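> Attaching a single structure in structure tokens format; questions to follow.
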Amino acid sequence: MNTVTIEIPEGFTRSFGETEEEIARNAKIELAIEMYREGKWSTGKAGKFCGMTRIAFMDLLRDRQVPMPYTLEMLEQDFAYARSRVG
């Protein structure tokens with residue numbers, strides 16, 4: 001694993017939390033959300049980076065009102081899968 005250290009001026013760290021652990025965790029979450037928004041990471045990859053499941057990360061995105069693209073093609077695939085399981 002690679003370790004990257006960034007310097008955050010003290011006045012900005014309060015935006016991420018009170019303790020060093022809280023600051024590090026919240027900074028990772030913000031980075032993961034941005035990488036997802038830019039299309040660089042999937043929900044699974046972003047969740048893994050944050051130490052959470054894909055579903056938990058998707059819940060976080062929903063709570064933060066981050067758009068999650070769901071195309072007509074994806075809907076059709078979901079319907080096809082559901083029909084194959086039922087009938």
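The values are calculated or read from the model by the stated rules, or taken from the named source; none is laboratory data. Small disclaimer: the values here were computed from a predicted structure and weren't measured. Quick reminder, even Gly has a Cβ in these numbers, built from the backbone with ideal geometry, and neighbours come from all protein chains shown.
> Quickly run through region 59-80 and pick out the residues that are assigned to a helix (DSSP H, G or I) and closer than 24 Å to Trp41 by Cβ.
First pass over region 59-80, keeping only residues assigned to a helix (DSSP H, G or I): 59-63, 72-80.
Within region 59-80, Asp59, Leu60, Leu61, Arg62, Asp63, Leu72, Glu73, Met74, Leu75, Gln77, Asp78 qualify.
> Find the residue count for region 4-41, including only residues that are among the hydroxyl-bearing types (Ser, Thr, Tyr) and either modelled with pLDDT of 90 or more or within 20 Å of Pro69 (Cβ to Cβ) (or both). Talk me through it step by step, then tell me what you get.
Residues of region 4-41 among the hydroxyl-bearing types (Ser, Thr, Tyr): 5, 13, 15, 19, 36.
From what is left, the residues that are either modelled with pLDDT of 90 or more or within 20 Å of Pro69 (Cβ to Cβ) (or both) are 19, 36.
Final tally of qualifying residues: 2.
> Does region 42-58 contain at least one residue that is modelled with pLDDT under 90 and assigned to a loop (DSSP other than H, G, I, E, B)?
Yes, region 42-58 contains a residue that is modelled with pLDDT under 90 and assigned to a loop (DSSP other than H, G, I, E, B).
> Sticking with this structure for a sec: Where residues in region 26-66 are surrounded by 15 or more Cβ atoms within 10 Å (Cβ to Cβ), in contact with a Phe, Trp or Tyr (Cβ under 8 Å, 6 or more places away or on another chain) and of a type in the set (A, V, I, L, M), which of them is farthest from Ile8 (Cα to Cα)?
Leu61
> Additional query: Of everything in region 13-25, what is surrounded by 11 or more Cβ atoms within 10 Å (Cβ to Cβ) and either over 20 Å from Met58 (Cβ atoms) or touching a residue at least 60 places away in the same chain (Cβ under 8 Å) (or both)? Give them in sequence order. Walk me through it before giving the result.
To start, the set of residues in region 13-25 that are surrounded by 11 or more Cβ atoms within 10 Å (Cβ to Cβ) comprises 13, 15-17, 22-25.
Across region 13-25, the qualifying residues are Thr13, Ser15, Phe16, Gly17, Glu22, Ile23, Ala24.
> Take the conditions hydroxyl-bearing (Ser, Thr, Tyr), within 30 Å of Thr3 (Cα to Cα) and either at pLDDT below 85 or touching a helix residue (DSSP H, G or I) at 6+ places or on another chain (Cβ under 8 Å) (or both) and apply them to Thr71. Does it pass? I'd like the intermediate steps shown before the answer.
Details: hydroxyl-bearing (Ser, Thr, Tyr): yes; within 30 Å of Thr3 (Cα to Cα): no; either at pLDDT below 85 or touching a helix residue (DSSP H, G or I) at 6+ places or on another chain (Cβ under 8 Å) (or both): yes.
Considered against the rule, which asks whether it is hydroxyl-bearing (Ser, Thr, Tyr), within 30 Å of Thr3 (Cα to Cα) and either at pLDDT below 85 or touching a helix residue (DSSP H, G or I) at 6+ places or on another chain (Cβ under 8 Å) (or both), Thr71 comes out as no.
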